[in-house]
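The values are calculated or read from the model by the stated rules, or taken from the named source; none is laboratory data. Everything numeric in this text was worked out from a predicted model, so none of it was measured. Positions of Cβ are backbone-derived with ideal geometry, glycine not excepted, and every protein chain shown enters the neighbour counts. When the accessible area is computed, the model is the full protein with side chains, heavy atoms only, and any ligands, DNA or RNA have been set aside. Shrake-Rupley method; radii C 1.70, N 1.55, O 1.52, S 1.80 Å.
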Amino acid sequence: MLSTHDQAAVLERTAHLYSRVKSVIPDVEWPLHASYIDAINELKKERNAVVLAHNYQTPEIFHCVADITGDSLALARRAAETDADIIVLAGVHFMAETAKIVCPDKVVLIPDEKAGCSLAESITADDIRKLRQRYPGVPVVTYVNTTAEVKAESDICCTSGNAVDVVESLGTDSVIFLPDEYLGKYVALQTDVKIITWKGHCEVHERFTADELEDYRSRFDGLTIIAHPECPPDVLEAADFVGSTAQMQAFVHEKRPRRVLMVTECSMSDNVAADVTDVEFIRPCNLCPHMKRITLANIYDSLRTLEPRVEVDPAVADRARLAVERMLAVGK
Ligand code: 13P
Ligand code: SF4
């Protein structure tokens, strides 16, 4: 426990960070976060470490200890570019695996190894081998929300931010698109390429309903609804804009809607609201239990102990890297 004197110094050192999040973190809660934030930022310098945080991390992580923030695509790109020796991935396991695949020589830490993803759990490498037998010659496009073994069996990866471009980059009449059925159906609406889907779903986004959105529209005048493409098709149809988490964030920054409802994970609205104070956020809140396993306390522990580390079998990583690098080359 810090002495009162130390606590005052911590609050002074972190005051500039609190000013970033004060619209979304009550001042009574700030001292609880400030000591960890101060200690994490100090340890990062000592260890030459960076914290990469996904848009669904809580504001005290996203705005106060992260060096790099973004959607899955940005995190994969920026992991490949960093000079740091250590990457702490404040996100879920597949994101940390992707960082390890693109940076095999760096130490990649995930503060809680149980931070999984219902999409990543919905398909195995063996499922892909069977699909290839069933659809010979049809390329396999795999959403990054998958394990390294699944990526290794794929021709190319994609994220929600580049799925249409990736599918069209292949120049084929059809593709096998895995594992997110709803993202696959959404891509099918934007392209002439035939999309063969799988029955994977995000446990967070599949809970939103079109009726719920219509109810919000009827209750809030002038509401702009923006949704993540992991939502069911009727939800996407009821939205005014559909995009990856980074595209949703950019939409609010650029268009400055009077009132917005972000149909996605809870922390996303908090993180955007901290920056954009002239927009009113209506928040139907669906939490991702996996993203929420990451806390300031376990980020601090993982930087201190340099555990738990994410390891990927080098032979699997070499094959998975080809699929990730092909994706990163699209749109360059
Ligand atoms: P983004 O790539 O849009 O950030 O999505 C990742 C994710 O897990 C959404 O549920
Ligand atoms: Fe996976 Fe859905 Fe959580 Fe994203 S929000 S990590 S897709 S379970």
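Observations on the model:
- Accessible solvent surface per residue of the stretch 63-131, calculated while the other protein chains remain in place, 1.4 angstrom probe, Å²: 35
- Residue list for the stretch 51-74, given a label point 7 angstrom along the Cα-to-Cβ vector of residue 29 and an amide N cut-off under 12 Å: 58-61
- Averaging 1/r across all pairs of distinct Cα atoms in the stretch 12-99 and inverting the result yields a Kirkwood radius of 13.5 Å.
- The apolar share of the surface of the chain, taken as the fraction of accessible area on carbon and sulfur atoms (1.4 Å probe, ligands and nucleic acids excluded), comes to 48 percent.
- Loop trypsin sites (Lys or Arg not before Pro), the stretch 72-153 (other Cβ atoms within 10 Å of the site Cβ: 16 or fewer; DSSP): 114
- In order along the stretch 319-330, the phi-based Karplus estimate (6.51 cos²θ - 1.76 cosθ + 1.60, θ = phi - 60°) of 3J(HN,Hα) comes to 6, 5, 4, 4, 5, 6, 5, 4, 4, 5, 6, 6 Hz; Gly and Pro are listed as x.
- Divided by 2.2 N^0.38 Å, where N counts the residues, the Cα radius of gyration of the stretch 187-256 comes to 1.21.
- Per residue, the convex hull spanned by the Cα atoms of the stretch 190-323 measures out at 173 cubic angstrom.
- FRET efficiency estimate (nearest 0.05) - Cβ-Cβ, residue 250 to residue 319, R0 35 angstrom: 0.60
- Taking the helices alone, the chain has a mean residue ellipticity at 222 nm of -13500 deg cm²/dmol, built from -39,500 (n - 2.57) per DSSP H run of at least 4 residues and averaged over all its residues.
- Segments 28-36, 259-267 sorted - mean Cβ within 10 Å per residue, highest first: 259-267, 28-36
- Partner aspartates and glutamates whose Cα lies under 19 Å from the Cα of residue 185, excluding those fewer than 8 positions away in the same chain, are identified as 165, 168, 173, 203, 206, 230, 234, 237, 240.
- By the rule of a second cysteine Cβ within less than 4.7 angstrom, the chain holds isolated cysteines at 64, 103, 117, 157, 158, 202, 231, 288.
- Spherically averaged projected area in nm², based on the convex hull that wraps the Cα atoms of the chain: 17.2
- Pairs over the 19 Å Cα-Cα cut-off, from the set 22/45; 45/292; 151/199; 22/114; 151/292; 44/106: 22/45; 45/292; 22/114; 151/292.
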